[in-house]
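Input: a single structure, listed below in structure tokens.
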Amino acid sequence: MSLVEKYWMVTSKISVIALLMITGIYFGKFVCPYIKKKKGAVAVSIVYITIMLVLYMIPPQIDNFSAYLIGVIAAFLAMYVEDRRNIYQKIFLAVTFFSIRWLAVAMADRLDDFITKALVFGNTIAGRQWLQYGLYVGTRILDIVLCIVFLAVAIGLINKAYVYKNDEMNVKELVMLIIPSLVGVTGYGILQYYLNIYEKDTGKSLTDTYGFYGALSFVHYFISIIAILVMTTMFQNWKVAQEEQTGQELVLNQVSDMKKHIGEVEKLYQDIRSLRHDMGNHIQMLEHLVAENHMDDAAEYMEHLKKEWNEISPEIKTGSPVIDVILMEKLREAKEKQIRFISDFHYPGDTKLNAFDLSVILNNALDNCMENVSGENPYISISSFRKNSIFMITIKNRYEGELNYKDSDLPETTKFGKEHGIGLHNIRRVARMYMGDISLEQENQEVVLSIMLQVE
């Protein structure tokens, strides 16, 4: 083996290793926004690079497609180990990267061929080994640079288009998102198959014989990457539309609830005004009964007045008439169901917190508690405290079952169906309007819902 041939072999291996390491690094960059911790993305890169280098180095070498498939599967498992949430999203990331890696490298190869053919004329370098080697080094560097550019642009645009990174992905959404990737890779396989068949039968390169074939394949690869980006954008626009629709429904529910609560408040104040209006007559009647020494009748009359006052006087006073009515309704419901209801809730006055929004939080949270409270001595408690701009709401209830979190930080279902999960997501949506969030924990036989809001 000549010196040029040795250099040629070494350069080939170095370029392949460099490309493997670069694609591994970009794999980590691609998945980083979707994983809780940055070290998880680093682990994905390391696993991918390690597997690919081992498969490249050890004999016998397997075909490229199988090797890269194994590498992507290993990286997917690393993602899952690091962050077990949202498994369908991780499948999307693995499939998409597998596709754009193939398409980006194929685009780089085709563009590299075009540039090389444009710079080399006829047989000007035939028989000049060192010149051939120099050209090979240049083409490999160009190939790596082009691959980096295509990968960086594709990954950057996809991550930018994918806005709802923390939202749970379902099977239907996964299928919709990976179709362009599967079509792109399938098209690549078909084009490569015919290229190999032609070269085997004729001993010539199809791209050399028919120049349009190279251009056609480049266009296919480019359109495939664009299709992945377009589908991701369409998916996010659809999510935005869903979010807006849900928001509109939430507003309508808020308005409906508020109308109901305002009606209750008006009725309460009307009853109080009526009682105050009649108070003079009641006093005169009591004075008359006392003056006539009808003490038993006076005592009976007083008991009647006390009962009437207790019926209209709120047992819970939070500082907001609307919230008073909400909690009183839940208190009455709890009494009917023989559930102990404890309230230490105080409405934060002089803040940007809207009673409409707070009613959504409390109605959803307390409805969930009413539906799911169980066990001996059932209870529901609600409390709040404010520290500077932070307003915390804590709602507890006894629950003998076990919450099913699946791959989310919120339970999606309970024994009563999906309503529990929907209610929690509505609460979270409102909380995030106030730059806050919620958490749900279960300790022994108690479920604790914590809601944080920024009210200033």
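The values are calculated or read from the model by the stated rules, or taken from the named source; none is laboratory data. What you are looking at is a predicted structure, and each value in this text was computed from that prediction instead of being measured. Note that we place each Cβ from the backbone using ideal geometry, even for glycine, and neighbour counts take in every protein chain shown.
Some points to look at:
- The number of residues in segment 329-350 that are within 33 Å of the chain's Cα centre (by Cα) and at positive phi comes to 0.
- Per this entry, Ser383 is counted among residues that are exposed (fewer than 15 other Cβ atoms within 10 Å of the Cβ), in a strand (DSSP E or B) and over 26 Å from the mean Cα position of the chain (by Cα).
- Residue count for segment 186-200 under the criterion of being touching a residue at least 24 places away in the same chain (Cβ under 8 Å), among the hydroxyl-bearing types (Ser, Thr, Tyr) and under 13 Å from Tyr213 (Cβ atoms): the result is 0.
- Any hit, segment 312-322, residues being over 25 Å from Gln454 (Cβ atoms), assigned to a helix (DSSP H, G or I) and not assigned by TED's automatic domain parsing to the domain that holds Val430: yes
- Residue under evaluation Ile312, criteria (1) among the β-branched types (Val, Ile, Thr); (2) more than 21 Å from Ile390 (Cα to Cα); (3) surrounded by fewer than 18 Cβ atoms within 10 Å (Cβ to Cβ); (4) modelled with pLDDT of 80 or more, criterion not met: (4)
- Of the residues making up segment 75-115, those that are farther than 26 Å from Asp143 by Cα, assigned to a helix (DSSP H, G or I) and either more than 28 Å from the chain's Cα centre (by Cα) or not acidic (Asp, Glu) (or both) are Phe76, Leu77, Ala78, Met79, Tyr80, Val81, Ile87, Tyr88, Gln89, Lys90, Ile91, Phe92.
- Per-region count, segment 432-444, residues surrounded by fewer than 14 Cβ atoms within 10 Å (Cβ to Cβ) and either assigned to a loop (DSSP other than H, G, I, E, B) or hydroxyl-bearing (Ser, Thr, Tyr) (or both): 3
- Hey, Phe27 modelled with pLDDT of 90 or more, more than 23 Å from Leu146 (Cβ to Cβ) and of a type outside the set (Lys, Arg) or not: no
- Residue count for segment 134-182, restricted to those that are closer than 22 Å to Met9 by Cα and touching a Ser or Thr at 6+ places or on another chain (Cβ under 9 Å): 11
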